[in-house]
1. Scan (1) farther than 30 Å from residue 1048 by Cβ; (2) surrounded by 12 or more Cβ atoms within 10 Å (Cβ to Cβ); (3) touching a residue at least 60 places away in the same chain (Cβ under 8 Å); (4) over 57 Å from the mean Cα position of the chain (by Cα) for the single condition residue 967 breaks and write down its number.
2. Would you confirm whether any residue within the range 884-899 is out of contact with any strand residue (DSSP E or B) (no Cβ under 6 Å at 6 or more places or on another chain), surrounded by fewer than 12 Cβ atoms within 10 Å (Cβ to Cβ) and in the same structural domain as residue 822 (by TED's automatic domain parsing)?
3. Tally the residues that are within 27 Å of residue 491 (Cβ to Cβ) and in a strand (DSSP E or B), restricting the search to the range 142-163.
4. Quick one: in the range 306-327, which of the residues that are more than 27 Å from the chain's Cα centre (by Cα), assigned to a strand (DSSP E or B) and more than 30 Å from residue 484 (Cβ to Cβ) is modelled with the lowest pLDDT?
5. Mind listing just one residue for me: the one in the range 753-791 that is part of a loop (DSSP other than H, G, I, E, B) and modelled with pLDDT of 90 or more and, of those, farthest from the chain's Cα centre (by Cα)?
6. Examine the range 503-511 for a residue that is touching a residue at least 40 places away in the same chain (Cβ under 8 Å), on the phi < 0 side of the Ramachandran plot, surrounded by fewer than 14 Cβ atoms within 10 Å (Cβ to Cβ) and outside the structural domain of residue 395 (by TED's automatic domain parsing), and state whether such a residue exists.
């Protein structure tokens, strides 16, 4: 019998077991689930469904895994006559139902009752062989250094499929590709290129694709682990190998743990914040199109219903718990909003993309392996309240398996101050135990030592683990505490390090300009040592080295021995001495620090790009062409060995440029031209090449005759024909020969015009023959019809009428209606001003306009009749400036807006502004009839009663134009002086027995007793209108004496109310300070 332990901590086993059970039981013959049980099930616990519960949510709460919900269905339906509610649809449960929670002992017996179920469970536990290399869809999850692989970029999916015919095909994350491969029984693998790709340029993933395809073509061997990982080892440098990590298969939407990688605008994706994890599990029966989504939003758990139809996805607005988190709250709000707006989904390999109107959600179900990955601590705390690791504190873990220990090995790393190592052991269900750690004995500051002890204590208490993409979560304290790592540190080996400073660790100096100092560490296969090489800024160098996770030893470097003087030489000597004396190193992000001289000095590097290999420009095109021909040039054979070419810039040598991989050009003149192509790759690196082209003149061409002239005329009328628009060929036209048939003679001359008259009516053919300097010729003809002479018709006479004087801006109308027609009626009246035609060209006999500037203008009218005969007449108009309109005065009243009863108050109107004429009258009034009209600009009065009064000033000028303005004044009773605030010891009323709370205001300072502690601070007070004062209290500082809880609570409430003070009033010996929650009432101390 296959026995399986069902435990809340064995998360992976639960997930595989129950999903397989559900799939097989629901697909079984029409035998109800309840009939399969042999005996009632003993439940470890019972759960009563509450409002808002989902079956997956109950499974997560009770079994620590939402995917365990099918087990609740199986156990609830196992016995036909028990007290538990049968569940037919996991999406339909009702309040009050009793759910059976399984025990470890009963589950194996239940599973043993059906053969197909047990077989499915065995497959789910990996008891069948791992997938083969061929015909398995593989999805890339990481690449590079096996101890610290680079994670595939969010938003890209890289795949590989090895076909039986020796073809390797897939997607590089941007383009599809095809290669050839050979694999043998010893797991040797050879991939042959070049790769055939679809040559697209994508917003993301281009560099990753280039790295991936280059790595495939350097493959040496492969292995497929029992976990289903495909690992391809490839050559990286002379002495190093790296790994491509793949997982098999295409993930399913339902019952898969999806981990969010990126979200938002597809053109500008946002990655998930550090110290947060966002998950989604689409639960539901395989043959149904609806279900429930449960997951974690980075701060709160959430759930909602969903429906799928083909690739359509409808999600109801999610409901979540309401905990507040310092990290991830805003991100969670955005995530839940995008999820609730989902419209479509797509799964490629292990990646799920959910798309809605306002952005996308990109999830992954592909996880890095626990082992051989360098994990850096990112956050810690409760699963729903993770706290980020303080800046500058580095804590790492590297799990290395031991071939002799089944599922075990050694975990080591840096614990914030010291290096550590310990043994570990894994078991089914992602169980993980870590033995006692051996730690170096470096003395540490208190804060670092506390962090180290906390970290090692948590590591030693780990119970299980979970890998979500590039994130490792270690659970302890019954799953109530989590420490979260991420694989994100730049590796020491195979990174191009560039020196940015060196020397004293507290105040390092920069390399001098021109000293480009670099280092590349290459690890030797199966050896603890390697070779470091690079540039000193003057010489190349190399040395052997050995490194642990933080320790390093470099043998004396060997360089190329070029003499380097001056400051460059000083940098070289300091650099080589620092490497030779190195004792330890530290990598934070992309920064490397190598420490030497007993920790007093350091070499500081940053990860950079190695010197780029530029692209190669290649021109294809003809070496000869004729002027006027279209010539095609192509740069398609240009190569970008490290980065695709993004721009092709052409210079044709005749002042014309163009862009594009292939271009066309026409040379206008013969000559020898240099064609230059400049290619620029996606990194901005360019290179150029040139080619020569000889352009010759085309064969000679003859002229083209073009004749122009009238086609109708009267007998005896002089007629002119033109040939000036004839087109020359290879040489200029030398002769224009005119011929008229019948009675007219032939004219041979070089004149482009020919003038003649015809004496008799009829039709005549006029021919022009042009001949160039080469003797090439061409002819063209035109037919003219000659009519008998008739009496010419009489034309019209224009008559213009209108004013001869006007003002600027004045509308002026001119009349042409008295114009006299000739033989036919007038059909057009065209008006112009100073020779410029207006838009007034119609049958309208009137023309209205206005002149914007003074001056003399000539307005002309041209009339045209039906015969096309016209006549013009004009009129001169003198335009002068219009006199400005009279303007009235503007009253300005000035005076106080507040006064007291019986006080003399004076108002002034002297700043009133005159208009066209001076102000002669100032009339004053107070809430009613004006008391007087006089030229006096001021007005003095007093008010006997409190109230609000309007004082009005009306000014009138010599043109009898006037203007009024009013001013409102508030008259109050005389104020009596208020008691003083400062210098008095005030005692709060209504305090607890045997407690005294006081306050003393002195200058800008405030002090007193809160009943337990004394306090002090600052304040500011401003006199407001009426009997109250405005007051604001600054930050209050109090002593830290501890008293009984009621006294401490009274003091805290008092200081909070005092800090919020807004105003105060004093009546006799009583001081009242108002704040938003009420008032503080004091009495003057006796």
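The values are calculated or read from the model by the stated rules, or taken from the named source; none is laboratory data. Bear in mind that the values here come from a model prediction, so they are computed numbers and not experimental data. Cβ sites come from the backbone with ideal geometry, for glycine too, and all protein chains shown count toward neighbours.
1. Exception for residue 967: condition (4).
2. no
3. Counting residues in the range 142-163 that are within 27 Å of residue 491 (Cβ to Cβ) and in a strand (DSSP E or B) gives 7.
4. Taking the candidates together, the pick is 309.
5. 761
6. Narrowing the range 503-511 to residues touching a residue at least 40 places away in the same chain (Cβ under 8 Å): 503-505, 508, 511.
Checking the rest, the ones that are also on the phi < 0 side of the Ramachandran plot come to 504-505, 508, 511.
Next cut, surrounded by fewer than 14 Cβ atoms within 10 Å (Cβ to Cβ) only: 504.
Then keep just the ones that are outside the structural domain of residue 395 (by TED's automatic domain parsing); that gives 504.
Checked the range 503-511: at least one residue is touching a residue at least 40 places away in the same chain (Cβ under 8 Å), on the phi < 0 side of the Ramachandran plot, surrounded by fewer than 14 Cβ atoms within 10 Å (Cβ to Cβ) and outside the structural domain of residue 395 (by TED's automatic domain parsing).
Yes/no matrix, rows are residues, columns are (1) under 26 Å from residue 271 (Cα atoms); (2) loosely packed, with under 14 Cβ neighbours inside 10 Å:
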residue	(1), (2)
158	yes, no
161	no, no
164	no, yes
177	no, no
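Residues checked against (1) more than 27 Å from residue 896 (Cβ to Cβ); (2) touching a strand residue (DSSP E or B) at 6+ places or on another chain (Cβ under 6 Å); (3) surrounded by fewer than 16 Cβ atoms within 10 Å (Cβ to Cβ):
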{"residue": "974", "(1), (2), (3)": "no, yes, yes"}
{"residue": "999", "(1), (2), (3)": "yes, yes, no"}
{"residue": "1002", "(1), (2), (3)": "yes, no, yes"}
{"residue": "1060", "(1), (2), (3)": "yes, yes, yes"}
{"residue": "1067", "(1), (2), (3)": "yes, no, yes"}
